[in-house]
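Participant: Supplied in structure tokens, the structure appears directly below.
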Amino acid sequence: MKFRTFAAFVGPSVFMMLLFIAAPLISVFIQSFQVTQPILEQVEVETCTPGFLTQTCTTEIKTVPVLDDNGKTITETRWVGLQSYKNVLQMDKFWAAVGNGSWNDIMQIDFWKALRFTLSFTLLTLPLVIGVGLAIALAVNNATRAIRGPIIFISLLPFIITPVIGSLSIYWLFVGDGILTAMMERWSGQNISMFAQAWTIELLMYFYRVWHVAPFAFVIFYAGLQTVNMDTLESAVIDGASRWERLRHVIVPHLMPLIVFIALIHLMDCYRVFEEIVGFRSQAHVISLQWLTYDFMTPDDAGNRAISRASASAMLTMIGIVFLLILPLRRTWRDHKGSAH
Amino acid sequence: MSTSKAMQQSFALRFSSGAFLAFWCLLAAFPIFWIAIMSFKSPVDAFADSPWDVISGPATRAAGNGLSVIDIVVGLIVLYFSIRWAFTRLPGLVQQYSPPAFLVLGWVFGAVLYAVAFILVFFGLLPLVLSVVNSILGPLGTPVLGLTTEHYVAVWGENEFYRNFLNSMLVTAGVVTISLTVGTLAGYGLARSGSDLAFWLLILALIFRALPHSVLVAGYLPVFINSSEILRPIFGEGAPTLYGQPWAVIAVLVSINQPFTIWMLRSFFQNIPAELDEAARVDGCSHFQAFRRVIMPVMWPGVITTGLFSFLLGYNDFLVTSLLLDAQNQTMVPAIAGYFNRETTTTDQVEAVAAAVSITAPLFLLVMVFQRQIVSGLTAGAVKG
């Protein structure tokens, strides 16, 4: 294929990606060093109220925004260097907390709280998703052919459901005296409220994420299981391998590329955990990095959006992505070089 | 598949694997079906702490809303036959009456017509007939199962959820068509070009795939809000404010979706033998003619599958739509977040449940119809590496 034809085919897609993905990235990078504020000026205002004999006049100095000809506030954009990053990271508080050796104090700072949750969420759900997905795939592979279709249909439901709705559906089972909370209360004889403390909410979030993603892992593993070499399996049996050994030494190595694929996709998706926070309404207890950026961008009571702080937190989130992708990218690069020579 | 004797499994193993599977199916379906049940009950029943009360709905029944044995039996029979008819006769009718060139449109038309007819019969005609029958039959006609559709009426009627529904449809349809058009061309180009540039584009797309969406939205937001001032030098006075415009959101979602789309379509195009378009090229076609005449007729399975995933992205999105659309253009998923803020009474809560079920229902149908395509789409990217 000539370069010109290739460019014509790929052009529209590349153009859209550059315009709506690459360009915003650059602008976020620049914004994170800037602050846009309305220009304020101090004016002396004399207010007079009618009084007996003479008017009572008071003068005071007020700070008002400067208006342009159309009556809009004039804003100015200043370079502030790393100020926004400092506002997000709050390093002085962080070091003070480290100095005290107090974990709780660090967790009072939004950014570090969000980072802690995002990382533990990503790393804890990963083995669970792969394990549960593999278990379902093995069990379905064991089942009679006739019921496989319906089972796949039911399994796809948690995967396909809108994430916000999915987390809401679990939220409603547990909220207040929802049936499952009531059931647990009956068993334990204690008063349980699932949404009053951080760790129970976090448990439900882990559960939700595994519930939501395990079907994806299952479908891929199931497809992989269809291509396991039966001869290898049978010779393993003849060699006296137990069922567990066969799983460990024949099936899992066969599925290894798929496990790597799922792990990569899962890491990418989990790192942007966001919908759970909305669905479980956990912002008072548990927040994630992406939610932090989102929160800076939603207008506050005065209608202002903290764009520069959002940009700074977005850039900090990006650092995590770089770490996440560095290993797989290095491997692809090596493969590519290997195939070229 | 014949199992050799060595591979046979003990009863205990078969039993435990079956039990695990049953448990998983329960776990997978339970939350979704449970909110579906809740949405039909009065608030007292919906948030009752005994599961049996939620299912049977005594308070709903006491309020005079319920189904009698006759209602349930007749309803199930009608449901069974209408589903059967949809799968056996409807395809034939569509094939017969739609001109071959517009088969897809014919399907859409047939499905919409069927849905409207079903709703009219099931929710309009049936209750009328059955209320007469119930009053005649006496004991068989007294309600035994509490059930009310008042929350759906409130959500779709009073709260004008249909506006959000239409916005959702607009955004989703835009996302699917544009990202497929752009993505098919790019996917084909990438699949047929072995150059280094193609490799680097794919890697770049992979990196873009990993970006959190909030990072991108932080870039759009200030530009979109001030876009009429920024664009004025180019477009003059008519420069649009992009914030709140559905088509701006469509463009954003298409771009966010592009990396995934081109990866997926590329893997589908690689499965189409390259000899096919090489033969067309030998016969004197240009690349574009080869694409149009030879590849397009055989690419539909891959395109449909990718389209499904684009649909899911557009339909399920919360973050982008909630930040870039204003209240009057809001789509369904962010609109449901509006219920949280109002959710003061339990009635509001059940209305939120009903709205959630309304959002889920189309997805449920989607899986039912396109299960095979979804599975093949999930595996296409992974199994081939």
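The values are calculated or read from the model by the stated rules, or taken from the named source; none is laboratory data. Values in this document were obtained by computation on a predicted structure and should not be read as measured data. Here the Cβ positions follow ideal geometry from the backbone for every residue, glycine too, while neighbour counts run over all protein chains shown.
Participant: Need the failing condition index for residue B:253 against (1) at the interface with chain A (Cβ under 10 Å from one of its Cβ atoms); (2) at pLDDT 80 or above; (3) in contact with a Phe, Trp or Tyr (Cβ under 8 Å, 6 or more places away or on another chain), just the number.
Facilitator: (3)
Participant: What's the number of the condition residue A:29 fails, among (1) of a type outside the set (Val, Ile, Thr); (2) in contact (Cβ under 8 Å) with a residue 60 or more places away in the chain; (3) loosely packed, with under 14 Cβ neighbours inside 10 Å?
Facilitator: (3)
Participant: Got a sec? Which of A:155, A:120 is at pLDDT 75 or above, hydroxyl-bearing (Ser, Thr, Tyr), closer than 29 Å to residue B:362 by Cα and out of contact with any strand residue (DSSP E or B) (no Cβ under 7 Å at 6 or more places or on another chain)? Talk me through it step by step, then tell me what you get.
Facilitator: Working: A:120 fails: closer than 29 Å to residue B:362 by Cα.
Just one listed residue meets the conditions, A:155.
Participant: State whether the residues of segment A:142-149 include one that is farther than 27 Å from residue A:294 by Cβ, in contact (Cβ under 8 Å) with a residue 12 or more places away in the chain and not hydrophobic (A, V, I, L, M, F, W, C). Even if it seems obvious, please write down each step before you answer.
Facilitator: So in segment A:142-149, the residues farther than 27 Å from residue A:294 by Cβ come out as A:142-149.
Retained after the next criterion (residues that are in contact (Cβ under 8 Å) with a residue 12 or more places away in the chain): none.
Within segment A:142-149 (the criterion being farther than 27 Å from residue A:294 by Cβ, in contact (Cβ under 8 Å) with a residue 12 or more places away in the chain and not hydrophobic (A, V, I, L, M, F, W, C)), the answer is no, since none of the residues qualifies.
Participant: Let me ask something else about it. Does segment A:133-149 contain any residue that is surrounded by 15 or more Cβ atoms within 10 Å (Cβ to Cβ) and among the hydroxyl-bearing types (Ser, Thr, Tyr)?
Facilitator: No: segment A:133-149 contains no residue that is surrounded by 15 or more Cβ atoms within 10 Å (Cβ to Cβ) and among the hydroxyl-bearing types (Ser, Thr, Tyr).
Participant: Which of the helices (runs of 4 or more DSSP H) found entirely inside segment A:242-305 contain at least 3 residues meeting this: in contact (Cβ under 8 Å) with a residue 24 or more places away in the chain and within 25 Å of residue A:85 (Cα to Cα)? Full working, then the answer.
Facilitator: Numbers: elements: A:243-246, A:252-271, A:275-280, A:289-297.
Of the helices (runs of 4 or more DSSP H) lying wholly inside segment A:242-305, those with at least 3 residues that are in contact (Cβ under 8 Å) with a residue 24 or more places away in the chain and within 25 Å of residue A:85 (Cα to Cα) span A:252-271, A:289-297.
Participant: Among the numbered criteria (1) without any contact (Cβ under 8 Å) to a residue 60 or more places away in the chain; (2) more than 10 Å from chain B (Cβ to nearest Cβ); (3) outside any loop (DSSP other than H, G, I, E, B), which one does residue A:310 miss?
Facilitator: (2)
Participant: In segment B:290-323, which residues are under 30 Å from residue A:304 (Cβ atoms) and of a type in the set (D, E, K, R)?
Facilitator: B:317
Participant: Would you confirm whether or not segment A:93-105 contains a residue that is surrounded by 13 or more Cβ atoms within 10 Å (Cβ to Cβ), among the small types (Gly, Ala, Ser) and in the same structural domain as residue A:218 (by TED's automatic domain parsing)?
Facilitator: No: segment A:93-105 contains no residue that is surrounded by 13 or more Cβ atoms within 10 Å (Cβ to Cβ), among the small types (Gly, Ala, Ser) and in the same structural domain as residue A:218 (by TED's automatic domain parsing).
Participant: Could I ask something else about it? Looking at (1) in a helix (DSSP H, G or I); (2) loosely packed, with under 14 Cβ neighbours inside 10 Å, which is the one condition that is false for residue B:295?
Facilitator: The failed condition is (2).
Participant: Any residue at all in segment A:72-94 that's out of contact with any helix residue (DSSP H, G or I) (no Cβ under 7 Å at 6 or more places or on another chain), more than 14 Å from chain B (Cβ to nearest Cβ) and farther than 22 Å from residue A:311 by Cβ?
Facilitator: no
Participant: Let me ask you something else. For residue B:326, only one of the following conditions fails: (1) within 27 Å of residue B:216 (Cα to Cα); (2) within 18 Å of the chain's Cα centre (by Cα). What is its number?
Facilitator: (2)
Participant: Would you be able to say whether some residue in segment A:154-174 is under 26 Å from residue B:377 (Cβ atoms) and outside any helix (DSSP H, G or I)?
Facilitator: yes
Participant: Give segment B:171-217 a look and list any residue that's among the β-branched types (Val, Ile, Thr), within 7 Å of chain A (Cβ to nearest Cβ) and over 16 Å from residue A:15 (Cβ atoms), or say none. Don't jump to the end; show me each part of the working.
Facilitator: At the first step, the residues of segment B:171-217 found to be among the β-branched types (Val, Ile, Thr) are B:171-172, B:175-178, B:181-182, B:184, B:203, B:207, B:215, B:217.
So of that shortlist, the ones also within 7 Å of chain A (Cβ to nearest Cβ) come out as B:182, B:203, B:207, B:215, B:217.
Residues satisfying the conditions are B:203, B:207, B:215, B:217.
Participant: Just a yes or no: is a residue in segment B:129-150 within 14 Å of chain A (Cβ to nearest Cβ) and more than 22 Å from the chain's Cα centre (by Cα)? Full working, then the answer.
Facilitator: Step one: filter segment B:129-150 for residues within 14 Å of chain A (Cβ to nearest Cβ), giving none.
Checked against the condition, which is being within 14 Å of chain A (Cβ to nearest Cβ) and more than 22 Å from the chain's Cα centre (by Cα), segment B:129-150 yields no hits at all.
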